[in-house]
Structure formats: C-alpha cells, structure tokens
1. For chain B, what is the convex hull volume of the alpha-carbon atoms per residue, in Å³?
2. Please work out whether segment B:5-48 counts as rounded, prolate or oblate from its C-alpha gyration tensor, where a ≥ b ≥ c are the square roots of the eigenvalues and a/c under 1.5 means rounded, while otherwise a/b larger than b/c means prolate and anything else oblate?
3. Can you give the convex hull volume of the alpha carbon atoms of segment A:21-96 per residue, in Å³?
4. Using a cut-off of 12 Å between alpha-carbon atoms, which aspartates and glutamates can reach B:K148, once sequence neighbours fewer than 8 places away in the same chain are excluded?
5. In what sequence, highest mean first, do B:42-55, B:128-141 appear when ranked by Cβ atoms within 10 angstrom?
6. Which distance in Å, rounded to a whole number, links the C-alpha centroids of segment A:96-141 and segment B:1-24?
7. Using 7 Å Cα-to-Cβ label points, what is the A:R80/A:R21 separation (nm, one decimal)?
8. To one decimal place, what Kirkwood hydrodynamic radius in Å is obtained for the protein assembly as shown from all pairs of distinct Cα atoms?
Amino acid sequence: MDKIDHTIINRLQQSFPIADRPYLQEAEALGISEGELIQRLQAMLEHKQLSRFGPMYHAERLGGGLSLCAIRVPKEDFERVTAQVNSFAEVAHNYARNHEFSMWFVLATETPERIDSVIEEIEQLTGYRVYNMPKEKEFFVGLRFEL
Amino acid sequence: MVLSEQDYRLIAEIQDGLPLSSRPYAAIGERVGLSEQQVIERIASLQMSGVIKRMGIIVRHHELGYTANAMVVWDVPDDQVDAVGKKLGEQPCVTLCYQRPRRLPAWPYNLFCMIHGQERNRVLEHISAIVKAHGLDHIPHQILFSGKRYKQRGARYL
C-alpha cells in the first residue's frame with residue numbers, strides 16, 4: 001500500500017458519491033484515473049485490507065436486530081465454543097478478549113425477535129450462558145481508521 | 001421511513017458491495033429492474049433517512065495495523081451515565097461509546113467505549129489521560145483488549 005491507497009482509505013471511509021460516475025468523481029479529486037481507482041479498490045479487497053466496499057446499514061432502521069453478546073469461556077474450551085458460535089450466520093464478528101468474559105460477538109438478525117432465539121440456540125449448543133448486552137443509548141459513533 | 005419491497009431488493013442487492021465498474025448504479029439497476037437514475041434516487045433517500053449510515057470503505061482494521069483495540073467498560077452510577085458517556089464520546093481517540101445493560105452480579109459495567117490504536121502502550125496512555133483529565137478515578141473500569149479475531153464478516157440483514 002502506498003500513499004495514494006492511504007488517501008483513498010481515509011477519504012472513502014467518510015463517504016462515496018451517489019452519482020452516475022462516482023468513481024470518476026472521486027478519482028478526479030484524488031488526481032488519478034477512474035480505472036486506477038477501481039483497480040486499487042479491487043486490489044485492497046483482494047488483499048483483505050478492506051472488509052467491504054458499499055453501504056453500511058443501520059440495523060434497527062432496516063427492521064433488523066443487533067446486539068453485543070459475551071460468553072465466559074474457559075481457555076480449554078475456547079476452540080470448540082468458537083467454532084460453534086461462528087457456525088451461526090447471524091454472528092457478524094467475534095473477538096477474544098483478555099477477561100473472564102472472554103468471547104465477544106455481535107449478532108445481526110433479520111428481526112429484533114430473532115436475537116433472543118439465536119441466543120437460546122447458542123446456549124443450547126455450547127452449554128454456556130450468553131450475556132446479551134444490547135445498546136441502550138448511543139453517545140458517539142465514529143469508527144474510522146486514519147492512515 | 002417505510003421501506004418498499006423494491007427498497008429491500010435494492011438493499012439486499014448491494015449489501016455485499018457496490019459493483020467496481022464505471023457506472024455502478026446502472027449495473028445495480030439492471031439487476032433489480034430500475035433505471036440508473038431511480039437507483040441513485042432511492043439510495044440517496046435511504047442515506048438521507050439514515051437506513052444507510054454511509055457508503056464507502058469498511059476496512060479490516062487489523063490488516064491496517066490497528067491491532068491494539070481496547071474495549072473500556074465502566075460501572076457508572078445511573079444518574080451520571082449521560083454526563084460521562086457524553087464526555088467519553090467527545091474524546092478524539094474514542095471510536096464508539098454506548099450505554100449497555102448491567103448483568104449483575106457477574107457484569108456490573110454499563111458504559112462501553114472503544115479505543116482503536118496501533119500500539120497498546122499508547123492506548124493505555126490515552127485511557128489514563130482521560131481518567132485524569134475528567135476526574136473519573138472513582139468510577140470502576142476495566143480494559144479488555146481484543147486478542148484473536150475469529151470472525152469479521154459484516155452484518156447481513158437480508
């Protein structure tokens with residue numbers, strides 16, 4: 001990745017034009033050709049530096065459910081439980097953390113009601129209690145990574 | 001905003017990404033039976049109403065060097081959550097800040113903020129600076145750094 005890639009990442013985490021030639025519009029602002037911008041995005045997606053290029057949806061406004069969940073998984077059981085939890089399509093991401101509450105994952109479901117049923121299924125499959133910690137109030141959301 | 005069946009088709013069609021071609025909205029339109037102009041209008045209005053938070057790049061932050069990611073959890077008295085949450089949310093290094101339910105007795109923490117950094121020591125310095133600058137010493141907190149990432153697929157709703 002070079003400086004141009006970094007600038008692309010910084011700019012396109014803010015917004016992307018909704019216009020008939022959006023890549024051209026961005027490319028002009030970056031001082032490169034439309035083809036080069038598309039190629040660079042393609043390469044960053046292929047190298048898994050980007051997770052996606054497209055819309056970020058607001059789960060609740062789409063009518064979906066979203067929640068952060070945690071499980072207290074002992075070290076020796078971590079592999080098994082990880083595989084079981086990740087087998088659910090509703091698990092959007094899953095991180096280990098250095099705490100007794102060692103597994104933290106996000107559930108994204110088609111309806112809000114489905115959150116509880118997925119949690120029940122995960123509890124039955126893993127044998128562990130799932131602590132459901134949905135957002136109650138949002139104070140700040142600004143997840144951007146400057147390069 | 002009430003979403004039509006067509007909106008849902010459009011939302012589903014682009015949830016994995018925009019086409020990487022010169023006229024991406026025209027390409028989407030061909031797949032869902034809309035004109036380029038109609039797609040542009042629908043997406044713009046979905047963004048205006050907040051169904052789409054933003055369009056663009058979603059990075060894999062680990063791959064970009066952001067490997068020191070702290071979730072700082074605070075046990076804030078209920079009547080102070082708003083004030084402390086607002087304060088934490090204003091810190092430049094804080095990327096997300098939410099109130100969540102306590103799960104007593106095992107989990108007493110009700111305020112969560114994320115600090116994504118490239119070095120663990122810098123992140124720890126940020127946290128102690130915040131505690132000091134805003135007089136948060138009396139509020140019990142814990143720092144949970146992320147270890148291995150086991151999944152990052154992004155949410156799919158449809």
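We did not get these values from a lab; they are worked out from the coordinates using the rules stated. A quick note: this is a predicted structure, and the numbers were derived from the prediction, not measured. Because the Cβ atoms are built from the backbone with ideal geometry, glycine has one as well, and the counts that use them run over all protein chains shown.
1. 169
2. It comes out rounded by the Cα gyration axes.
3. On the way: hull volume 11.3 nm³, N = 76.
It comes to 149 Å³ per residue, whole-number rounded.
4. Here the aspartates and glutamates satisfying the reach criterion relative to B:K148 are A:E79.
5. The peptides rank, most packed first, as B:42-55, B:128-141.
6. Between the Cα centres of segment A:96-141 and segment B:1-24 lies a distance of 28 Å.
7. It is 6.0 nm.
8. 20.8
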